[in-house]
Amino acid sequence: MQSEDNYFIINPVKITLNNPDIVIHNPYVNANAIRWEDYVSRMEAYLKKQLKKLKAISEAGDEGAVSFEGIEDLGIGVLSFKK
């Protein structure tokens, strides 16, 4: 069994079906999946939107920043402003 892009491959030693009538299917076949690059760009757009809101409610001389710390490094860095 392998993924369509050959990234994940499983080679079973032996297959035993306890119930031969069972149908094996992919539960995520109709799931709405996005590419990693799309996720990063959406997250960056969201952070910029939050930064804009933060800047709008701040007063003159205020500074602010937003950042995203997750499991993976998105390469976005810290977004900041000075009003």
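The table that follows gives values for the structure above.
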{"item": "Out of V29, V66, sole residue that is within 12 Å of F81 (Cβ to Cβ) and under 22 Å from the mean Cα position of the chain (by Cα)", "result": "V66"}
{"item": "Hits in the range 32-46 - residues which are among the charged types (D, E, K, R) and exposed (fewer than 10 other Cβ atoms within 10 Å of the Cβ)", "result": "R35, E37"}
{"item": "Close pairs (8 angstrom Cβ cut-off, 6 or more residues apart or separate chains): under 26 Å from D73 (Cβ atoms) in the range 25-37, surrounded by 10 or more Cβ atoms within 10 Å (Cβ to Cβ) anywhere", "result": "I34/R42"}
{"item": "Hey, E44 at pLDDT 75 or above, within 30 Å of S3 (Cα to Cα) and in contact with a strand residue (DSSP E or B) (Cβ under 9 Å, 6 or more places away or on another chain) or not", "result": "yes"}
{"item": "Qualifying positions in the range 50-64 - outside any helix (DSSP H, G or I), of a type outside the set (D, E) and surrounded by 12 or more Cβ atoms within 10 Å (Cβ to Cβ)", "result": "S58, G64"}
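Every residue, every condition in (1) among the aliphatic types (A, V, I, L, M); (2) modelled with pLDDT of 85 or more; (3) surrounded by fewer than 10 Cβ atoms within 10 Å (Cβ to Cβ); (4) not in a helix (DSSP H, G or I), yes or no:
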site	(1), (2), (3), (4)
V13	yes, yes, yes, yes
T16	no, no, yes, yes
H25	no, yes, yes, yes
N30	no, yes, yes, yes
K48	no, yes, no, no
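The values are calculated or read from the model by the stated rules, or taken from the named source; none is laboratory data. As the structure is a computational prediction, the values presented were derived from the model and not from experiment. Cβ sites come from the backbone with ideal geometry, for glycine too, and all protein chains shown count toward neighbours.
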